[in-house]
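What follows is one structure encoded as structure tokens, with my remarks underneath.
The values are calculated or read from the model by the stated rules, or taken from the named source; none is laboratory data. Not measured: the values here are computed from a predicted model. Glycine also receives a Cβ, built like all others from the backbone with ideal geometry; neighbour counts cover every protein chain displayed. These area figures cover heavy atoms from the full protein model, side chains too; ligands, DNA and RNA do not enter into them. Shrake-Rupley method; radii C 1.70, N 1.55, O 1.52, S 1.80 Å.
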Amino acid sequence: MEETALQKKDITETLLVMAGNMILALGVTVFVLPNDVLTGGLTGIAVALEPVIHIEPTLVINVMTIVLFFVGTAFLGKKFAVKTLLSTVFYPLSLSVFSWIVATQFPENYFVMDKYLATIYGGILMGCGVGLIFRCGASSWGMDIPPLVLHKYTRLPLSTLVMITDALTVMLGIATYGLQAALIGIISVFVSSVAIDKMLTLGAIKSKSCMII
């Protein structure tokens, strides 16, 4: 019975990790990349560097995802590696598939919209996707790994560490897109952080402690 329960848990977590990666890739493909939104993670780095290195952001994301997977394995262990391996493969695959669908099935500039709308809705989708993956003890990809390493050694809130890391990433965009674009990117980082926190605490029982002296 116990073995069956563990198998069901493993299957459930696998499906949740896949769903989280699909939600994340959807947010990036539909809202972030078409509107050049500066955001956190590898997506933000890829968007910020595109005007300088002239390499397709999807390619940059996919390559750096694989590199940082090995970094995470070194610091967080084999158990983390097994859970995150699915994301390392499935996220780039989802991103490539969604990018192909957008490029071939929709008119050019179909998803180009007001940058604030793209920032908010993209941030919500990305945060929900990352939060879902974190609930399973895995990483989505790339720049989630530094906050996870810091969380392991400092025990600081994971959503806060993600927000700080992503905010620093957004600052890279000042040189290429200007201050206003970076400030808009901070909104995306904040929205994503709130969404991650909500996903991590989803279903938790609220409680208050009271100390009587």
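At 1.4 Å probe size, with every protein chain present, just tell me what the per residue accessible area of the chain comes to in Å². Mind showing how you got there, number by number?
On the way: 11830 Å² over 213 residues.
Per residue, the chain has 56 Å² of solvent-accessible surface.
Taking each full run of DSSP H in the chain as one helix, which ones are at least 15 Å long along their axis (Cα atoms) and have mean Kyte-Doolittle hydropathy of at least -0.5? Qualifying helices: 2-27, 41-53, 57-105, 115-135, 158-171, 179-200. Once the gyration tensor of the Cα atoms in segment 1-83 is diagonalised, the equivalent ellipsoid follows with semi-axes of 32, 17, 8 Å, ordered largest first.
Springs between Cα atoms under 10 Å define the GNM used for the chain, and in it the highest mean-square fluctuation of VAL28, VAL17, VAL112 occurs at VAL112. [x] 43; [y] 37; [z] 27: which one is percent of Cα pairs over 28 Å apart as calculated from this entry? This structure yields the entry labelled [z]. Stretched out straight at 0.36 nm per residue, the stretch from PHE75 to LEU16 would grow longer than its current Cα-Cα span by 18.9 nm.
Do me a favour and compute the ellipsoid semi-axes for segment 49-92 from its Cα gyration tensor, root of five times each eigenvalue, largest one first, whole Å. Write out the running numbers ahead of the final one.
On the way: eigenvalues 124, 25, 4 Å².
In descending order the semi-axes read 25, 11, 5 Å.
Of the residues ASP197, ASP36, ASP114, the one that moves most in a GNM of the chain with alpha-carbon contacts below 10 Å is ASP114. Put simply, when 56-63, 98-105 are sorted by average Cβ atoms within 10 angstrom per residue, most first, you get 56-63, 98-105. Return the distance in nm (one decimal) between the two label points of a simple spin-label model at ILE174 and TYR110, each offset 7 Å from Cα along Cα→Cβ. In this crude label model, ILE174 to TYR110 measures out at 3.8 nm.
Show me 152-165, 120-133 ranked by packing, highest mean number of other Cβ atoms within 10 Å first. Walk me through the numbers on the way to the answer.
On the way: 152-165: 16.4, 120-133: 25.1.
Peptide ranking by packing, descending: 120-133, 152-165.
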